[in-house]
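The values are calculated or read from the model by the stated rules, or taken from the named source; none is laboratory data. Keep in mind that this is a model prediction, so the values were computed, not measured. Virtual Cβ from ideal backbone geometry, glycine too; neighbours counted across all protein chains shown. Areas reflect the complete protein model, heavy atoms only, side chains present, ligands, DNA and RNA absent. Shrake-Rupley method; radii C 1.70, N 1.55, O 1.52, S 1.80 Å.
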Amino acid sequence: MTRSKTEELLEGRGRVVASLLAVTLLLGVIGAAGLYLHYSAYVNMPVLREGESRTLVIPANTAWPQVVTILEESRLVKRPSYFDYWGKKRGLPAAVRAGTFQLAGPMTLEDLEAELRRGGLAKDVLLQVPEGFTIFHIADRLEQIGLVSREDFLRAARDEEMLAAAGIEADSFEGYLFPDSYRFKQGTSARAIVEKMHAQWKAMWEGIKSRHADRLAWLAEQYDFSEHEVVILASLIERETSVNDERTLISRVFLNRLDKNMRLQTDPTCVYGEETYREIPHPRYCRDPLNRYSTYVIYGLPPGPIANPGLASLEAALLPSEAPEAKEYLFFVARRDGTRRHHFTKTFGEHNKAVNKYLKQGK
């Protein structure tokens, strides 16, 4: 009995389908084997190599998905999906304990697991922030004392939602973190640190506003200064002097220069920024036409604070010296005689003589 063409066609199609299924199955087996080998290689890779170290902060009550994210952002976990699977197999989500961890290589995944189960340090940590520290200096110090990582703090200090909630129309909390001594529990998040430092600033600022409402109104009328610009001016004063009785004089010099439409030409503005905050002011920074903070390039105040000023500088911004002679000063130069004081002058000629006396001759 002969077979019909339809039967032969169906049989041929069946063989093709069977072949495709076999190939698909084989590829699936190969893929699964490859994935398993890739996963096994990941599990056996070091988390930290010899000489590497990390500060890891896991806040209290952090859910497992966020723990995985924190580990990834801390560059401890390179394949979060693999780590998630590996950790769940070992019951780690229910065993992670919060805290600040000082981790050093060599470290394996099993070593990391043991640290996470043990938990970080729980003692209080003292954070001391001097007047004039930038957010970059604060970030460095936080990492040095093992409270939070530098990256986490800077991320929080630039968080747009937090800035909006605080009513700050700026790129960061620079200028709005009050320099003081603080105690934080190990495991405190970077966001909580920013919030506490800003709350301290706000309390101080509200007191200043209540004492000097008339001066705020005067600056608004005479110079069209907002409160933000008062903070900017205070930050310039803070970075220029640490001598209390000079602050009101320097405040007056800046206003005198604004009155004459002169550039402020204050050196600390030249090196404000994440790439330059450790540098010494130099013409290559001060004269850089792309440096939007350099008051050697721009007129008026820089676009934001260049540091976090203390109470004395905030008040000096509102209370510039009223001495008749001070109202004529347009220049000042560091004396570099061990006193940390400045020499104030009225004319460019006098200023050049002071520069020659206090700076050039000292070289």
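For this structure, a couple of remarks:
- Scanning the range 331-349 for residues that are open to solvent by 80 Å² or more (accessible area, probe 1.4 Å) and farther than 15 Å from L249 by Cβ turns up R336, F348.
- Filter pass, P281 being crowded, with 16+ Cβ neighbours inside 10 Å, without any contact (Cβ under 8 Å) to a residue 24 or more places away in the chain and under 17 Å from H137 (Cβ atoms): yes
- Which listed residue, of E328, E322, E315, is open to solvent by 40 Å² or more (accessible area, probe 1.4 Å) and either within 30 Å of S181 (Cβ to Cβ) or of a type in the set (V, I, T) (or both): E315
- Among the residues making up the range 136-156, a single one is open to solvent by less than 10 Å² (accessible area, probe 1.4 Å), under 13 Å from the mean Cα position of the chain (by Cα) and over 20 Å from A307 (Cβ atoms): V148.
- Matching residues, the range 289-301, being loosely packed, with under 14 Cβ neighbours inside 10 Å and not hydrophobic (A, V, I, L, M, F, W, C): P289, Y299
- Failed condition for F178, given (1) in a strand (DSSP E or B); (2) touching a Gly at 6+ places or on another chain (Cβ under 9 Å): (1)
- Hits in the range 240-261 - residues which are over 26 Å from the mean Cα position of the chain (by Cα) and open to solvent by 50 Å² or more (accessible area, probe 1.4 Å): N244, D245, D259, K260, N261
- K353 vs. criteria open to solvent by 70 Å² or more (accessible area, probe 1.4 Å), part of a helix (DSSP H, G or I) and over 30 Å from D214 (Cα atoms): yes
- When the range 302-312 is filtered for residues that are farther than 19 Å from S172 by Cβ and either crowded, with 21+ Cβ neighbours inside 10 Å or without any contact (Cβ under 8 Å) to a residue 60 or more places away in the chain (or both), nothing remains.
- On inspection, R13 does not qualify as open to solvent by 40 Å² or more (accessible area, probe 1.4 Å), farther than 22 Å from G146 by Cα, modelled with pLDDT of 75 or more and charged (D, E, K, R).
- Residues located in the range 157-175, provided they are surrounded by 17 or more Cβ atoms within 10 Å (Cβ to Cβ) and under 22 Å from T276 (Cβ atoms): A157, A170, S172, F173, E174, G175
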